[in-house]
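Engineer: Dropping the structure in here first, questions after.
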Amino acid sequence: MKIEKDEAKILSGVRLGKTMGSPITILVPNHSTDFFNKVVTVPRPGHADLAGALKYGQKDVRNILERASARETAARVAIGAICQKFLSEFKIKVTGSVNHIGGETDKNKWKAMIDQARRSGDTLGGVFEVIVSNCPPGLGSHTQWDRRLDGSLSQALMSIQAVKGVEIGLGFVQTELLGSQVHDEIIYNKGKFSRKTNHAGGIEGGMTNGEPIIIRAAMKPISTLTKPLKSVDLRTKRAVNAFVERSDVTAVEAAAVVGEAAVAFEIGRALIEKFGGDSLAEIKNNYFSYQKRLRMI
Ligand SMILES: Cc1cc2nc3c(=O)[nH]c(=O)nc-3n(C[C@H](O)[C@H](O)[C@H](O)COP(=O)(O)O)c2cc1C
């Protein structure tokens, strides 16, 4: 909910505006702690509440829900900013945006839809998209399943709370098309391989192919409804309305920001894996000699 007035304070790892190689610690204080001591015994459908209470033997669902909260993503966004800064040294840019909210692609209609959902005590989901531009070919690897970039990007996005689906390039739509309509023909122009189209979303064989990475994530409607769904009190086992915690109607826009950070982190990691060195200058040196080699193929 938009009540957080976040400030990020860097506690370690940075000196005179530059990283030093030691771990970077960023503190983002939580100001909204008024609910923290309030016991909750009614799990909310769509949340970690019941599964977490059963798994960890808790009757007070607060012990589960505070940690399961997407508030955790503030940390990922803070680190994502550092990754973006690193990637900008290589002119790589990661941009997140909202594709649709509740199936509606027309931005002008979103506010009215959200207001309507709020009035009826309901919530909305949607799809956000993250594009990585100017990514070199060869990040990730086909040689081992756990080094495939499509795999690590999907896990990074799927790990964001409420994300229930991830697709790259044409994604699910391509299952309804012919191979000739899907695969991107290769061309060679001005000393560079490229494609006529980018249906693959910039990744083939678990590696970047030099085209922009296009990845989308599907977010389910927010789980907390102000017109609550039915649940059961963990103490009395009686049917009751689900507990209502403060909540937004939709968070697709915020999730797009988190998605941007999650993707920036994975691209940064893949870049370091391929070009890693002990200083930015060394990484750049490795990067540019690779670029030179690509031009000589
Ligand atoms: C940026 C962001 C903000 C969210 N805000 C809320 C919220 O205000 N209220 C809520 O009930 N769920 C919110 N969620 C979703 C819950 O965290 C999520 O539904 C819950 O963790 C269960 O989803 P899961 O099964 O995918 O973990 C938010 C998710 C994200 C990514």
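The values are calculated or read from the model by the stated rules, or taken from the named source; none is laboratory data. What you see is a predicted model; the values in this text were computed from it and never measured. FYI the Cβ positions are ideal-geometry reconstructions off the backbone, even for glycines, and counts take in every protein chain you see.
Engineer: Suppose we keep only residues that are more than 19 Å from V240 (Cβ to Cβ) and exposed (fewer than 12 other Cβ atoms within 10 Å of the Cβ) within the stretch 31-66. Which one would you say is nearest to the ligand (Cβ to nearest atom)?
Structural biologist: Selected residue: K55.
Engineer: Ok, one more. Does V244 count as within 23 Å of F36 (Cα to Cα) and away from the ligand (no atom under 14 Å from the Cβ)?
Structural biologist: So V244 does not fit the description; no.
Engineer: Please go through the stretch 186-230 and pick out each residue that is surrounded by 18 or more Cβ atoms within 10 Å (Cβ to Cβ) and within 16 Å of the ligand (Cβ to nearest atom).
Structural biologist: I215, R216, A217, A218, M219, P221, I222, S223, T224, L225
Engineer: Read through the list (1) free of Cβ contacts under 8 Å to residues at least 24 places away in the same chain; (2) within 16 Å of the ligand (Cβ to nearest atom); (3) in contact with a Phe, Trp or Tyr (Cβ under 9 Å, 6 or more places away or on another chain), then give the number of the only condition that R76 fails.
Structural biologist: Just one mismatch for R76, condition (1).
Engineer: For the stretch 250-297, which positions are out of contact with any Pro (no Cβ under 9 Å at 6 or more places or on another chain), modelled with pLDDT of 95 or more and not in a helix (DSSP H, G or I)?
Structural biologist: Within the stretch 250-297, just A251 meets the criteria.
Engineer: I'd like the residue in the stretch 101-150 that is away from the ligand (no atom under 16 Å from the Cβ) and under 16 Å from the mean Cα position of the chain (by Cα) and, out of all such residues, is nearest to F288 (Cα to Cα).
Structural biologist: V132
Engineer: Count, please, the residues in the stretch 175-221 that happen to be touching a strand residue (DSSP E or B) at 6+ places or on another chain (Cβ under 9 Å) and not in a loop (DSSP other than H, G, I, E, B).
Structural biologist: Total satisfying the criteria: 15.
Engineer: Evaluate the stretch 85-93: report whether one residue or more is touching a Ser or Thr at 6+ places or on another chain (Cβ under 6 Å), touching a residue at least 12 places away in the same chain (Cβ under 8 Å), of a type in the set (D, E, K, R) and assigned to a strand (DSSP E or B).
Structural biologist: yes
Engineer: Next question, about the same structure. Consider R62 against the criteria (1) touching a residue at least 24 places away in the same chain (Cβ under 8 Å); (2) touching a Gly at 6+ places or on another chain (Cβ under 6 Å): it satisfies all of them except one. Which criterion is unmet?
Structural biologist: (2)
Engineer: What's the number of the condition G21 fails, among (1) part of a loop (DSSP other than H, G, I, E, B); (2) in the same structural domain as I215 (by TED's automatic domain parsing); (3) of a type in the set (G, A, S); (4) away from the ligand (no atom under 13 Å from the Cβ)?
Structural biologist: If we test G21 against (1) part of a loop (DSSP other than H, G, I, E, B); (2) in the same structural domain as I215 (by TED's automatic domain parsing); (3) of a type in the set (G, A, S); (4) away from the ligand (no atom under 13 Å from the Cβ), just (2) comes out false.
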